[in-house]
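A short reminder: the numbers here are calculations on the coordinates, not readings from a lab. None of the values given here were measured: they were computed from a predicted structure. All Cβ positions, even for glycine, are placed from backbone atoms using ideal geometry, and neighbour counts span all protein chains on display.
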Amino acid sequence: MNKAYAGIIVLAAIALVFSVLIESEKLGSSSATNVCSAISGSNCKNVQYSMYGRAFGFDNAYLGIAGFLVLIILAIMQLVKFNTFRFMILNIGIVFAGLMAVWFLHLQFNVLHTICSLCIVVDIASLIMLVISFFEMWRIKHHNI
């Protein structure tokens with residue numbers, strides 16, 4: 001079993017769960033609100049209801065849910081049988097998730113000046129996936145796999 005794909009699956013699953021929590025919090029779930037407000041200085045509602053809380057007409061959390069599901073499926077398929085095309089699509093998705101994470105972190109810290117603790121978990125998971133993806137691309141390139 002390739003540890004890189006297993007790591008991507010675990011991190012994408014964590015990001016998926018927290019994306020669901022983010023949307024649950026926005027919809028008023030008390031358990032998600034408790035998770036967000038448990039961290040001092042976290043204000044998920046301000047971040048979610050800001051002008052940056054939606055993209056392409058959808059809540060960012062919905063896009064995250066869909067994107068992380070796709071990443072999980074592609075990584076599981078790569079574990080079963082390596083495919084070069086699928087490898088490229090998986091890595092493009094991870095790079096996109098990593099770039100979005102950097103963008104969302106920038107917005108929270110430099111533009112909105114408030115953070116959403118649930119969002120930070122998703123962003124960190126995305127950035128770790130990006131690092132794993134780069135190491136896996138390097139490994140494959142240098143070992144001619």
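Relative to the current alpha-carbon distance between Asn83 and Ala6, full extension at 0.36 nm per residue lengthens the span by 26.1 nm. Rounded to the nearest 10 degrees, the angle from helix 84-106 to the longest Cα principal axis of the chain is 30 degrees. Where (i) 1.43; (ii) 1.02; (iii) 1.07 are the candidate values, the label of the one calculated here for Rg/Rh (Cα atoms, Kirkwood Rh) is (ii). Here the simple spin-label model places points 7 Å from the Cα toward Cβ, and for Met51 and Lys141 these points are separated by 3.9 nm. Counting only chymotrypsin sites (Phe, Trp or Tyr not before Pro) that DSSP places in a loop and that have at most 13 other Cβ atoms within 10 Å, the longest clean stretch of the chain runs over 83-145.
By the helix-only formula, in which each DSSP H run with n ≥ 4 contributes -39500 (n - 2.57) and the sum is divided by residues, the chain has a 222 nm mean residue ellipticity of -25000 deg cm²/dmol. Taking the chain as the region of interest, the number of lysine pairs whose Cα atoms are within less than 21 Å, with members eight or more places apart or on different chains, is 4.
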